Structure formats: C-alpha cells, structure tokens
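Heads up, the thing below is written out as structure tokens.
The values are calculated or read from the model by the stated rules, or taken from the named source; none is laboratory data. Source: prediction; values computed, not measured. Reconstructed Cβ throughout: ideal geometry from the backbone, glycine too, with neighbour counts over all protein chains shown. Only protein heavy atoms, including side chains, enter the accessible area calculation; ligands, DNA and RNA are left aside. Shrake-Rupley method; radii C 1.70, N 1.55, O 1.52, S 1.80 Å.
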There are 2 protein chains.
Amino acid sequence: MKALIYDGRLEYTSRYPAPEMGEGEALIKVRYAGICATDIEITRGYMGFKGVPGHEFSGVIEDASLKGLIGERVTGEINLSCGSCYYCDRGMRTHCANRSVLGIFKRDGAFAEYLTLPVENLHALPDSISDEEGVFVEPLAAAFEILDQIDIGRDKNVCVLGDGRLGILVAEVLSLTGCVLIAAGHSREKLSILEARGIKTAPGTEGLKKEYDIVVDCTGRGEGLREALKLVRPRGTIVLKTTVADRTGADLNAVVIDEITLIGSRCGPFKPAIRALAEKAVDVEPLVSRVFPVEEGVEAFEFAKRKGVIKVLLKVS
Amino acid sequence: MKALIYDGRLEYTSRYPAPEMGEGEALIKVRYAGICATDIEITRGYMGFKGVPGHEFSGVIEDASLKGLIGERVTGEINLSCGSCYYCDRGMRTHCANRSVLGIFKRDGAFAEYLTLPVENLHALPDSISDEEGVFVEPLAAAFEILDQIDIGRDKNVCVLGDGRLGILVAEVLSLTGCVLIAAGHSREKLSILEARGIKTAPGTEGLKKEYDIVVDCTGRGEGLREALKLVRPRGTIVLKTTVADRTGADLNAVVIDEITLIGSRCGPFKPAIRALAEKAVDVEPLVSRVFPVEEGVEAFEFAKRKGVIKVLLKVS
C-alpha cells in the first residue's frame with residue numbers, strides 16, 4: 001500500500017505491507033490525515049519511533065468482525081490500551097501502562113492507505129463533518145481535555161499563549177466556556193482567524209499584566225512557561241499543552257512563592273470535539289493551509305515546517 | 001535592643017533600635033526564634049533582604065492598643081497584608097500584592113528582643129505549648145497548607161522527599177490524614193524520628209516505584225523535582241514545598257505526557273498547626289538540635305548549616 005514511512009529518514013513508498021487486522025479491530029481506509037507538531041518531532045527522533053507516523057485522520061471502515069460497521073466513516077482515539085492495568089481499571093486508558101500510540105509509539109499510523117485500530121477506539125463522523133474536518137477531531141479533543149482538568153467559566157480570566165495549530169484550537173474551545181479570554185501570538189494572520197471568531201488577541205505578551213487566573217501554554221517553545229509564569233496571578237493555574245525540546249530557564253521558585261498550579265495536558269475526549277465540529281461551534285476550515293497527496297508527503301512535511309503555515313493535510317485515498 | 005542583623009554579613013549587636021509599634025499593631029518581646037532554611041538563604045542574598053531576619057518565634061505581648069492583650073503568649077503569621085488589594089479581597093492575604101514579610105521582605109523579624117506585628121496576625125499559644133514548641137507553629141502551618149490545597153486521605157499513596165526540618169514536619173502532618181505514607185531521606189538519624197512516630201521511611205528513592213498519587217518535594221534541592229517526577233504516577237500530583245537555587249534539568253515534558261499536576265505550596269493556616277501541637281498530635285521536641293542564646297546567633301547559623309542538624313533555636317529573652 002501507499003505509505004509515508006520514517007526510519008531515520010522520512011520517505012514515501014507505494015509498497016508498504018498493509019496492516020493485519022487483529023482481534024476486536026477494524027481495518028480503516030484512510031481518507032485524510034493531518035501533520036501535527038508531534039509528527040515533525042518524530043522526524044527529528046522523538047520517541048525513537050520508526051514506521052508509519054500520523055495520528056490525526058478520517059477514514060472508512062473497510063473490514064471488521066462486526067460486519068455492520070463496514071462502510072462507516074470514522075476517526076479514532078490514538079491510545080491503544082491493555083484494558084487491565086492500574087490505569088485502565090480506573091478509566092485512565094490514555095495513561096495505560098502497556099499502551100501503544102497510533103503513529104507515535106509501537107504502532108503504525110495514519111500516513112498510509114490503511115490502518116487498524118480496536119473498534120472501541122473508533123468514533124463515527126456525522127454527515128455534517130467533512131473528511132477534511134474529521135482530521136481535526138483528535139487535536140480538538142486534546143483542547144477539550146483542558147475542560148476536563150480544570151474549572152473554566154465566565155468568572156475566569158484566561159490567556160492562551162501561542163497561535164499555532166493547537167493554540168488556535170485551544171482558544172476556540174476555551175471561548176465556548178464564556179471565560180474572559182485573550183490569545184497571544186506573533187502572527188497577525190493567524191490571530192486574525194481568532195479575531196474573526198470574536199476572540200480577543202494580543203501581539204505577544206509584552207502589554208499583558210500578571211493577572212490571569214489561567215494561562216495555557218501552547219507555544220511549543222521553552223519560553224512559553226517562562227512567559228506563563230509572568231502572566232499568571234498568585235494561586236493561578238498554568239496548563240502545559242505541548243512538549244518542548246528545552247524548558248530550562250523557567251523559575252519554578254515562582255511556582256512555590258505564588259502557589260501556582262502547573263498542570264500537564266495531553267489527549268482528550270473525542271465526544272465533545274465531534275459535537276463541537278458537528279455543530280460548527282468551532283471552525284477548523286480556515287486552519288487548512290494546504291492539502292498534499294500522500295505521494296508528496298515528504299514535501300508536505302517540509303511545507304508544514306514553514307513559518308505562517310497552520311495545518312497541512314495529506315489526502316491519502 | 002539585642003538583635004542579629006544581616007547587611008551583606010550576619011552580625012550580632014546589642015544596640016539595634018527597638019521597633020516602633022504602628023497602628024493596630026502589638027509590640028512583642030521575643031522568647032524563642034527558629035532558624036529556617038530561608039534564613040540561611042537570606043544570609044546568601046535571597047530576597048535582597050537587609051535587617052533583622054527571623055520569622056518563626058514565640059513571645060509575649062508587651063504593648064498593644066488593646067491593653068487586654070498585654071501579657072498574652074503568642075506566635076504570629078508572617079505576611080503583613082494591605083487588606084484592600086485583589087488578593088486580600090479574596091481572602092488570599094498571604095499573597096497580598098503589597099505585602100511585607102516578617103524577617104524576609106521589607107520588615108524586621110524575630111532574631112531580636114522585640115518585634116511588632118498587626119494584632120490580626122497574632123495567635124495565642126495555649127499553656128500546653130511551650131515557648132520552644134511555639135516556634136514550630138509557623139513551619140508546621142506551612143506543612144498544613146498542603147491539606148488546604150489537595151485532597152489527601154486513606155486512599156492516597158503519598159511519598160515525602162527530604163528528611164530535613166520541613167520534610168519531617170510535612171510527613172508528620174500528612175500522617176494525620178491516614179494516607180499510605182513513606183518518607184524518603186538520606187539520614188538514618190532523622191528518619192528514625194519519623195519511624196518512632198510510626199511513619200514508614202526509605203533510605204533514598206532508589207527502591208521506590210513510580211506509583212505515588214502524591215509526592216511532596218521538601219528536599220530543598222534541584223534534584224528533588226527530578227526524583228519526584230520518577231515517583232509520581234500518571235495524573236498524580238507533585239507538591240513543591242521549597243524554593244531552591246537551581247531547578248534546571250527536570251524534564252517537564254513528563255508533566256505533559258503523564259498529565260501531572262505540580263503545585264507550589266508556601267505559608268499555611270496557623271489554627272490547625274496550633275491545635276496539632278496543643279494535642280501533641282505532632283511531636284517537635286526531637287527536632288531541636290540545639291539552643292543558642294541570641295548573642296551567639298552567628299555561631300548558631302553556622303551550626304544550623306551542618307549536616308545532620310535539624311532545628312536550631314535562638315533563646316532571645
């Protein structure tokens with residue numbers, strides 16, 4: 001099958017073996033897949049991953065033991081859990097001690113014609129969500145994770161740092177809570193997407209005060225935490241939404257003195273993400289910078305790294 | 001009056017001017033004061049403080065506008081708040097934007113014959129608490145702060161890192177919750193104090209697993225956070241209880257991937273601390289390594305820095 005593979009070097013092949021469907025799994029023909037910052041990190045050695053990357057996708061079930069599922073348009077949760085460890089027992093399947101992660105850890109991913117996932121990981125895409133939009137369910141779920149972790153409402157003063165893919169999605173999701181929100185970033189163009197949705201923005205953090213109840217760091221840069229510490233009020237909360245190569249230099253003594261809560265946030269719930277997309281409560285269309293055929297995946301990665309680019313999709317089949 | 005002063009160098013003088021009692025304040029004759037890690041940091045330049053250090057004390061009210069208070073044996077909360085800023089309005093007086101802090105920031109402290117504090121900062125010491133024990137109310141309150149911040153009960157697996165002054169107090173306070181507790185440190189002698197109170201201990205963290213719901217870092221060292229990250233389970237909580245000079249090197253990406261909550265913890269509530277001491281629920285007597293007269297304060301500081309020493313008290317009057 002067609003696939004983009006990483007083995008110390010990213011390359012396209014038309015002869016990668018199709019995955020075999022395990023018990024309880026479905027075989028999915030991938031339609032679109034999104035290139036995420038994590039994918040780019042993987043091509044720099046992150047997680048030591050080798051194989052087919054890609055974990056944001058939409059596709060159609062081509063085979064499953066439950067034959068009624070065939071033909072269903074789906075996206076899928078990316079953590080494959082054992083179902084029997086301490087974390088699975090407690091409903092924290094994304095933290096399963098024995099997990100593999102689609103396109104990230106021990107499991108081939110979505111930059112290929114076919115992928116397999118346990119049926120329990122799959123979510124049907126309603127007709128009102130296009131194939132292209134379906135790709136955004138996974139990163140949007142990651143944004144919704146914040147709402148599962150902390151209490152955000154109209155009484156909260158919230159600042160989102162970073163106007164990249166994730167920053168924009170996080171700002172859109174947080175705006176649904178009615179909180180007093182500002183999104184800070186450096187790209188006029190990207191911030192204008194949020195402004196079009198009625199979200200207040202700031203060109204960088206220089207003019208902002210140390211007065212935010214909640215600061216969400218989506219910068220993907222080490223400075224993000226340092227800036228967040230300058231903006232969060234005593235007893236406030238900083239949400240760390242991205243892993244970064246180097247986060248030294250942040251003064252964690254401020255965390256102690258101001259009794260800050262710092263909370264890490266990763267994968268999130270698919271259901272509210274699908275609902276938000278279906279109801280057009282969140283608009284992801286302006287985020288698609290360009291669509292490449294999977295055959296041009298290597299070029300697509302290079303394009304995705306360019307300044308100003310938001311989301312790059314691969315059309316797989 | 002007698003005082004220990006720091007002005008780039010720590011020295012004792014018998015001729016320091018006695019403080020003047022402001023409106024709403026009381027003049028307190030200090031009996032005992034404790035040397036804390038923060039005091040030692042101050043003599044290394046921390047907070048740029050100059051004047052009389054010391055913030056853990058017991059004493060007797062010698063003057064106050066409410067004459068009925070005179071003669072009362074007290075200790076006091078160390079944050080002097082304005083009563084009208086954003087934080088004071090919301091009951092977070094220890095985070096007052098305009099605060100001074102006894103012996104730490106813009107306010108002379110307890111290593112002197114007299115200190116002044118607003119009457120509202122004072123707490124009477126019941127007869128069952130000795131003058132020496134009264135010194136421990138403030139650090140014990142800091143340990144109780146953790147219970148105000150996070151939910152700890154019998155269902156929680158908790159590890160306290162560090163067997164110094166604060167680590168021991170924190171372990172004693174957390175043990176009152178009935179949680180499954182282990183205290184890890186490197187001093188056999190210090191850990192034996194906790195063992196005598198029925199608290200399980202470990203010589204270092206090497207033998208411990210990544211299974212703790214809550215890890216409290218009281219090490220006062222940069223490695224503390226790194227060790228805590230190795231021990232806390234996914235979605236667990238790390239409490240940072242001490243400021244340290246250098247905390248670089250901790251991999252905060254683990255915070256994101258494992259969705260850890262990291263919470264800073266500083267000053268705490270005096271009432272439960274006084275109650276615990278009064279009821280002998282916490283035993284601080286074994287923590288007193290030595291008592292020096294205030295005249296020998298400089299030597300006392302040197303002694304307090306020695307390995308194996310837990311708490312050094314100054315007898316002031």
Please report the accessible area of A:F270 (heavy atoms, 1.4 Å probe, ligands and nucleic acids excluded) in Å², nearest 10. 10
For B:K67, list the lysines whose Cα falls under 27 Å from its own Cα; do not include residues on the same chain fewer than 8 positions away. B:K2, B:K29, B:K271, B:K315
Per residue, how big is the convex hull of chain A when only Cα atoms are used? Give it in Å³. 130
Interface buried area B-A, accessible surface with 1.4 Å probe, both sides summed, nearest 100 Å², comes to 3000
Can you tell me the dipole magnitude for chain B around its Cα centre, using point charges on the Cβ only (Lys, Arg +1; Asp, Glu -1), in Debye to the nearest 20? 580
Charges at C-beta only: +1 for Lys and Arg, -1 for Asp and Glu. How large is the resulting dipole of the range A:142-264 about its Cα centre, in Debye rounded to 20? 220
What's the whole-number percent of alpha carbon pairs in the range A:142-264 lying beyond 18 angstrom? 45
Shortest first and in nm with one decimal, please list how far the B:G308 label point sits from its counterparts in the other copies (point 7 Å along Cα→Cβ). 6.9
Any aspartates and glutamates with Cα under 13 Å of the B:K200 Cα? List them, leaving off those in the same chain fewer than 8 positions away. B:D163, B:E172
Where the protein assembly as shown is the region considered: accessible area per residue in Å², 1.4 Å probe: 40
Give the carbon-plus-sulfur fraction of the accessible surface of the range B:142-264 in %, rounded to a whole number; probe 1.4 Å, heavy atoms of protein chains only. 47
Charge dipole of the range B:142-264 built from unit charges on the beta carbon (Lys, Arg +1; Asp, Glu -1), centred at mean Cα; most positive-end Cα among B:V173, B:I146, B:G207 is B:G207
Between B:A276, B:N253, B:T237, whose Cα lies farthest towards the positive end of the dipole of the protein assembly as shown when Lys and Arg beta carbons carry +1 and Asp and Glu beta carbons carry -1, centred on the Cα centre? B:N253
The answer for the net charge of residues other than A:L27 whose Cβ lies under 9 angstrom from its Cβ, with Lys and Arg +1 and Asp and Glu -1, is -3
Whole-Å semi-axes of the range B:184-244's equivalent ellipsoid (Cα gyration tensor): 20, 14, 10
Label spacing, shortest first and in nm, from B:E206 to its equivalents in the remaining copies (7 angstrom along Cα→Cβ): 5.3
Which distances in nm, rounded to one decimal and ordered from shortest, link the label point of A:G91 to the equivalent label points in the other identical copies, with labels set 7 Å from Cα toward Cβ? 2.8
Helical contribution to [θ] at 222 nm, DSSP H n ≥ 4, -39,500 (n - 2.57), averaged over the protein assembly as shown, rounded to 500: -6500 deg cm²/dmol
Out of residues 5 or more away from A:A202 or on other chains, whose amide H comes under 5 Å of its own, with H placed 1.01 Å from N in the peptide plane? A:A183, A:A184, A:G185
Normalised by the empirical 2.2 N^0.38 Å for globular proteins, what value does the Cα Rg of the range A:11-59 take? 1.29
Tell me the accessible surface of B:R306 in square angstrom (1.4 angstrom probe, heavy atoms of protein chains only), to the nearest ten. 140
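Taking K and R as +1 and D and E as -1, what net charge do the other residues with C-beta under 11 Å from the C-beta of B:V298 add up to?
-4
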Less than 13 Å Cβ to Cβ from B:C36, Lys/Arg counted +1 and Asp/Glu -1: what total charge do the surrounding residues give? +1
Given the pairs A:K280/A:K311; A:K190/A:K241; A:K230/B:K307; A:K241/B:K230; A:K209/A:K280, which span a C-alpha to C-alpha distance of over 28 angstrom in this model? A:K230/B:K307; A:K209/A:K280
Long-range HN-HN contacts of A:Y114 with modeled amide H, under 5 Å: A:V30
